[in-house]
1. Go through the range B:446-480 and give me each residue that's aliphatic (A, V, I, L, M) and at the interface with chain A (Cβ under 8 Å from one of its Cβ atoms).
2. Taking only the range B:412-425 into account, find how many residues are surrounded by fewer than 11 Cβ atoms within 10 Å (Cβ to Cβ) and in a loop (DSSP other than H, G, I, E, B).
3. Checking the condition part of a helix (DSSP H, G or I), without any contact (Cβ under 8 Å) to a residue 24 or more places away in the chain and surrounded by fewer than 20 Cβ atoms within 10 Å (Cβ to Cβ), which residue from B:321, B:312, B:285 passes?
4. What number goes with the only condition from (1) surrounded by fewer than 23 Cβ atoms within 10 Å (Cβ to Cβ); (2) within 16 Å of ligand 1 (Cβ to nearest atom); (3) under 30 Å from residue B:289 (Cβ atoms) that residue B:212 does not pass?
5. Would you tally the residues in the range A:18-43 being over 19 Å from the mean Cα position of the chain (by Cα) and more than 13 Å from residue A:137 (Cβ to Cβ)?
6. Which helices (runs of 4 or more DSSP H) does the range A:268-363 wholly contain that include 2 or more residues that are within 22 Å of residue A:184 (Cα to Cα)?
7. Tell me, which residue of the range A:6-54 that is crowded, with 24+ Cβ neighbours inside 10 Å and hydroxyl-bearing (Ser, Thr, Tyr) is nearest to residue A:228 (Cα to Cα)?
8. How many of the residues making up the range A:370-379 are crowded, with 23+ Cβ neighbours inside 10 Å and not acidic (Asp, Glu)?
Amino acid sequence: MLDATPTTLVERKALRVNPAKTCQPIGAMYSALGIHGCLPHSHGSQGCCSYHRSHLTRHFREPIMAATSSFTEGTAVFGGGANLRQAFKTIYQLYDPPVIAVTTTCLSETIGDDIPTIVREARESGVIPEGKTVIHANTPSYVGCHITGWSNMTASMVKYLSETSGESRNQVNLIPGYVEPSDTRELKKMLTTWGIDAVTFPDTSDVVDTPQTGHFQMYPQGGTTVEALKTTGDSLATIALGPEASSQAAIALEAKCQVPYHILDLPIGVAATDRLVQTLMDVTGTQPTDEIVNARGRLVDVMTDMQSYLYEKRVAIAGDPDQVVPLVEMLVTCGAKPVYVITGAESKYFRDRTQAILGESVPEAVIRDNEDLFYLHQLMKQEPVDLLISNVYGKYIARAEDVPFVRYGWPILDRVGHSYFPTLGYAGSLHLLCTIINTLLERKDRDDPDESFELVL
Amino acid sequence: MDAPSPIDQTTTQTAVKDIVEAYPAKVGKKRAKHIVVRDPNEPEQSIDANVRTTPGIITQRGCAFAGCKGVVIGPIGDVVHIVHGPVGCSYYSWLIRRNQFRARANGRNFVNYCFTTDLTEHDIVFGGMTKLRQAIQEAYDIFQPPAITVHATCPVGLIGDDIQGVSREMSEKLGISVVAFNCEGYKGVSQSAGHHIANNGIMKNWVGTDEGAEEVEGYTVNLMGEYNIGGDTWEIERVLEKCGIEVISKFSGDGSYDETTQAHLAKLNLVMCHRSINYVSEMMETKFGIPWIKVNFIGVNSFAKSLRKIAEVFDDPKLTERVETVIAEEMAETEAQLATYRERLTGKTVFLFVGGSRAHHYQGLFADLGMKTIVAGYEFAHRDDYEGRDILPNLKIDADSRNIEEIHVKQDPERYKRPFSDEAFAKMEENKTLKDYKGMMPDMGEGTLVVDNISHHELDVLIERFKPDLIGSGIKDKYIIEKLGIPCKQLHNYDYGGPFAGFRGAVNFAKDVDLRVNTPVWKYVKAPWLN
Ligand code: SF4
Ligand code: SF4
């Protein structure tokens with residue numbers, strides 16, 4: 001497995017091998033699915049749309065619907081305006097979506113298609129019917145990565161839809177970040193038990209984890225409604241989870257409607273979740289319920305019970321900045337040593353925060369952004385680790401180096417559960433922590449000689 | 001495949017009418033030409049294919065890059081394939097097609113790797129050639145591959161990077177084959193353009209380039225248009241070897257660089273996926289004199305038929321006898337295992353929407369299981385894949401295909417060699433053994449439906465009308481179909497099963513179909529209190 005990967009680190013300037021990121025439009029498509037009644041539309045060649053739908057479908061095991069402008073060579077020369085107009089016509093006649101969210105691709109971006117102008121003209125000439133919402137985000141695939149795309153589309157929701165009515169509402173805006181539908185559901189549940197009204201956007205729960213009923217719904221039940229999005233300008237505050245994915249929308253909302261914002265780490269682990277709870281207390285002036293406090297207690301209980309299995313364990317982590325930073329913090333809280341921490345994205349947040357968390361406890365840690373899995377594998381060959389945590393692509397490295405492996409992040413194409421069980425908040429963190437500890441225990445059971453194979457661990 | 005169809009002309013025609021009327025008028029008119037209700041009494045039914053998809057239609061199609069890197073070139077396992085473009089295209093074509101590969105003696109195996117120049121805004125503005133040059137050098141330094149390929153994605157064509165020039169230059173510098181493919185995603189109308197571009201590259205750069213390779217005695221073949229999804233190639237090879245037939249090279253499942261350069265040594269080319277590889281087989285015939293036959297190794301009877309066809313070409317009693325013995329042995333073994341599944345599956349109906357050959361290939365296997373294909377179509381086929389090669393002379397090339405290079409090869413003065421006698425060729429010509437493919441339509445019975453480049457809307461209507469027991473399609477449709485309570489078998493990458501080719505593959509497939517169609521879980525889709 002991956003036998004061609006040399007142990008010696010070779011400097012590379014141009015060749016990316018086994019990337020730890022992908023391109024913008026797929027993130028934007030995922031974000032757009034979090035609007036109720038939205039049909040994402042990919043403006044470019046149909047290959048991109050096909051790949052994005054396929055990849056999201058594989059991760060969620062759910063129908064992922066999206067249309068495309070189906071560029072051909074002529075379009076590449078003359079521009080995509082005519083294709084987008086034709087696409088609107090076809091889409092409204094056949095699929096009649098309440099919302100269309102247009103994303104660009106590297107092709108339409110390189111040509112320089114001006115989406116707002118095309119959309120305005122389509123509206124004026126009646127191609128877009130009265131009462132239909134169309135939003136767009138520029139998502140060139142050669143800038144940033146999938147998280148940038150998610151962030152751009154989420155910010156577009158604000159730019160296109162948020163309004164100020166002049167009357168403030170006793171509600172908060174919650175931007176959950178590029179997370180699983182189960183995570184968004186968990187966060188909403190927490191706010192509901194607390195009694196806090198919130199507009200959560202985008203909200204992919206009940207969109208990419210729909211129930212099996214024998215019916216296919218083009219526009220599933222879930223997703224933030226346009227009406228709800230409009231009211232975000234009247235909220236008390238915005239809480240943006242995961243700076244890379246969510247701060248852009250929060251900042252845009254402040255600029256547009258003067259809603260103050262709080263940008264926090266994703267609530268993974270007790271410390272990060274505490275910070276979220278504290279912020280909610282400050283914003284609403286209320287106290288968390290017993291249910292929430294007890295969930296915290298159960299998480300800490302397991303941490304104290306089981307931390308011995310994590311203590312001093314060398315861990316390698318690859319993933320998106322917003323997930324990796326609080327995950328590192330959670331592991332450090334339990335005494336583990338994240339020694340190699342990489343992300344494919346370019347992220348100052350990732351560098352600074354990870355450094356701050358690891359500076360004292362694991363000063364030897366290698367922290368790199370804009371990096372690939374090939375590099376991480378080489379590090380692991382040089383000095384092995386006890387555990388690897390990454391998205392599905394890490395499984396090849398884990399097999400090659402015979403290292404226990406926890407799948408975390410996006411995408412996961414070979415297991416089930418990630419979209420159903422949360423890893424955020426106290427309850428979600430408990431779930432994630434148990435997975436990590438149990439993976440190490442499984443390995444111990446496999447490796448221990450007969451005489452020290454224990455019933456009680 | 002002659003059993004009466006469970007659907008008839010009238011119901012099918014009504015469904016088609018409803019499908020077409022839902023579209024904007026102009027679009028409907030176009031789509032109508034891509035939908036054919038089969039009437040065997042009308043021998044020359046024709047269908048529109050390989051034309052643009054109307055923007056806004058939710059299509060199954062991908063792009064030329066997917067066809068070139070993803071389908072044809074990518075599976076060659078000991079070559080480093082660099083995708084020149086932003087990170088996405090490379091990322092999505094990484095490991096998703098399940099092309100299996102075993103390292104040869106040199107130990108090289110790169111199928112699990114993903115290589116890209118990961119172009120950023122700076123490169124798009126100032127050009128990516130320096131980066132590409134450097135990337136090729138780094139790939140060479142680290143991996144020492146026998147060859148490197150470069151694949152262009154959409155923006156590369158627009159910014160005008162001369163990937164051909166860079167590759168030529170690096171090939172000279174490094175002393176290995178570096179081949180560039182201008183397979184930008186907007187070329188042509190689907191993956192099909194990419195297959196053609198890949199074929200041209202293979203032919204121009206690799207086939208026959210191992211000039212020192214020695215002639216090989218015996219019944220030698222190349223396996224073409226077979227991509228070793230889930231290990232298909234290995235099951236086919238097992239049986240061919242048992243018959244005494246030697247595979248020289250494979251395009252491109254489990255394919256290796258050295259073997260590809262020796263492909264000119266084979267005496268016969270076996271073409272599985274006609275759509276994706278017929279260009280190479282044609283050119284090899286012109287250049288080296290190697291004839292080709294269309295085969296189908298999917299399904300028990302189809303495999304047996306194809307083996308007999310190979311024996312017919314070599315026309316040697318020893319081989320014929322060996323082939324018959326193998327068929328008898330393998331059939332007996334397979335039949336015994338298939339019987340129980342057939343009992344459970346007979347009479348069930350199937351829709352098939354796959355690629356540019358599989359929707360046809362799999363019909364025989366379903367027939368082996370007693371199942372009937374009532375609606376079928378391809379994602380990116382051309383008219384000959386539906387109507388047969390006889391229509392080739394009448395095909396007009398449209399603007400979208402004209403942009404794809406047509407290369408014209410000439411007879412190789414030294415190595416052109418007809419492997420069989422003139423009489424043998426004459427006989428085969430008379431029997432239409434060689435270069436013949438009748439296409440999918442003749443095998444589809446009365447009242448069945450052929451749909452080219454099906455859209456989501458059409459799929460939706462057809463499922464509702466005909467409620468098939470199983471649909472063979474791809475990942476994008478799978479969960480739409482299953483949400484409707486109908487099992488879907490992915491036939492692009494097999495849902496992680498396989499092999500499904502050959503005799504043992506047929507048994508695997510029967511199990512796989514049975515577990516989907518007959519699993520108790522479908523009974524629980526509706527809550528009991530709703531009945
Ligand atoms: S259409 Fe272009 S950008 Fe999209 S996947 Fe294909 S090559 Fe890549
Ligand atoms: S058999 Fe089908 S899926 Fe495969 S390459 Fe050919 S057309 Fe594509």
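1. Residues of the range B:446-480 aliphatic (A, V, I, L, M): B:449-451, B:454, B:459, B:461-463, B:470-471, B:475, B:480.
Those that are aliphatic (A, V, I, L, M) and at the interface with chain A (Cβ under 8 Å from one of its Cβ atoms): B:475, B:480.
2. Restricting attention to the range B:412-425, the residues satisfying the condition of being surrounded by fewer than 11 Cβ atoms within 10 Å (Cβ to Cβ) are B:413-414, B:421-423.
The next check asks that each one be in a loop (DSSP other than H, G, I, E, B); those that pass are B:413-414, B:421.
So the count comes out to 3.
3. B:321
4. (2)
5. So the answer is 3.
6. Numbers: elements: A:270-284, A:290-306, A:321-333, A:348-361.
Result: A:270-284, A:290-306, A:321-333.
7. The extreme case among them is A:31.
8. Summing the residues that are crowded, with 23+ Cβ neighbours inside 10 Å and not acidic (Asp, Glu) in the range A:370-379 gives 4.
The values are calculated or read from the model by the stated rules, or taken from the named source; none is laboratory data. All of these numbers come straight from a predicted model, not from anything done at the bench. Cβ atoms come from the backbone with ideal geometry, glycine included; neighbour counts cover every protein chain shown.
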